[in-house]
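The values are calculated or read from the model by the stated rules, or taken from the named source; none is laboratory data. Because the structure is a prediction, the values reported are computed rather than measured. Positions of Cβ are generated from backbone atoms using ideal geometry, with glycine treated the same way; all protein chains shown enter the neighbour counts.
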């Protein structure tokens, strides 16, 4: 079953990337080659590596999936903590990353524990944030440092723990293909439509490059790719696929805005510079990380 899904995935990706390349070529022919359009070719090449970074470990499963989640957790948490520190917070970086990795190992051994572990972690972070705000304590206070450290444990570590739990299940590879494919489709189509047709800025202060046209294009792209990737989730009917596409596209936008808010607080454009044309590792996977719990609970709540 897994091999059949992988073969169909390769064929589907070939068609999608061919259509996208044709769209870029058409833009060049009609409008000439602009600087932003010239970066699209590099962006598509980088996208292939980004997709492989999630789907290949999901296909291999087991320790490979744990290893990929752990590497992403370390890289993303380091970038997040550095950004928070630039904004004036003082998280305990090493203990936060160490605890995040310990939780991933625990989830690997007990995948079903994520059902209560993620809400618990999120509740602890929200509680710490509320207490610090209610007492008007500075970020450098003990409670403030605990709050910023907890954020890095929940996002990205526990969010990646949700992905790990999903991937270790019987339908894990199909779920990984489906929900990450829709996250990327929403992002890529929003970028293509927004850079070509975008006029109405919808979040000018928080995310100046986001336009209404781009968001609508991203939702439409997610729905289209959702049906194209239906082979990965054979138990999903048409309504469940369309609902998942809408939910994932909306959650992906929220994830981007959340990441933009954190970067704006620190006065930086990107979390890092490890990935060409994209910025840091967290810039690449921010929406994917944010969406993982949303998809997990969508699957649970819509199960027959």
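Considering only residues that are surrounded by 15 or more Cβ atoms within 10 Å (Cβ to Cβ) and either touching a strand residue (DSSP E or B) at 6+ places or on another chain (Cβ under 6 Å) or outside any helix (DSSP H, G or I) (or both), which ones fall in region 87-107?
Listed by number, the residues that qualify are 87, 89, 90, 91, 92.
Residues checked against (1) touching a residue at least 24 places away in the same chain (Cβ under 8 Å); (2) touching a helix residue (DSSP H, G or I) at 6+ places or on another chain (Cβ under 6 Å); (3) buried (at least 24 other Cβ atoms within 10 Å of the Cβ); (4) assigned to a helix (DSSP H, G or I):
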{"position": "120", "(1), (2), (3), (4)": "no, no, no, yes"}
{"position": "128", "(1), (2), (3), (4)": "no, yes, no, yes"}
{"position": "144", "(1), (2), (3), (4)": "yes, yes, no, yes"}
{"position": "150", "(1), (2), (3), (4)": "yes, yes, no, yes"}
{"position": "154", "(1), (2), (3), (4)": "yes, yes, no, yes"}
{"position": "157", "(1), (2), (3), (4)": "yes, yes, yes, yes"}
{"position": "164", "(1), (2), (3), (4)": "yes, yes, yes, yes"}
{"position": "173", "(1), (2), (3), (4)": "yes, yes, yes, yes"}
{"position": "177", "(1), (2), (3), (4)": "yes, yes, yes, yes"}
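Being in a helix (DSSP H, G or I), buried (at least 17 other Cβ atoms within 10 Å of the Cβ), modelled with pLDDT of 85 or more and in contact with a helix residue (DSSP H, G or I) (Cβ under 6 Å, 6 or more places away or on another chain), is that true of even one residue in region 193-200? Spell out the reasoning first.
First, the residues of region 193-200 that are in a helix (DSSP H, G or I): 193-197.
From what's left, buried (at least 17 other Cβ atoms within 10 Å of the Cβ): 193-196.
Of the ones still in play, those that are also modelled with pLDDT of 85 or more are none.
Checking region 193-200: not a single residue is in a helix (DSSP H, G or I), buried (at least 17 other Cβ atoms within 10 Å of the Cβ), modelled with pLDDT of 85 or more and in contact with a helix residue (DSSP H, G or I) (Cβ under 6 Å, 6 or more places away or on another chain).
Suppose we filter region 131-142 for residues that are more than 27 Å from residue 104 (Cβ to Cβ) and either without any contact (Cβ under 8 Å) to a residue 12 or more places away in the chain or touching a strand residue (DSSP E or B) at 6+ places or on another chain (Cβ under 9 Å) (or both); how many remain?
Looking only at that region, the number is 7.
Say whether the condition of being part of a helix (DSSP H, G or I) and either in contact with a helix residue (DSSP H, G or I) (Cβ under 8 Å, 6 or more places away or on another chain) or crowded, with 18+ Cβ neighbours inside 10 Å (or both) is met by at least one residue in region 266-279. I'd like the intermediate steps shown before the answer.
Going residue by residue through region 266-279, those that are part of a helix (DSSP H, G or I) are 266.
Retained after the next criterion (residues that are either in contact with a helix residue (DSSP H, G or I) (Cβ under 8 Å, 6 or more places away or on another chain) or crowded, with 18+ Cβ neighbours inside 10 Å (or both)): 266.
The answer is yes; a qualifying residue exists.
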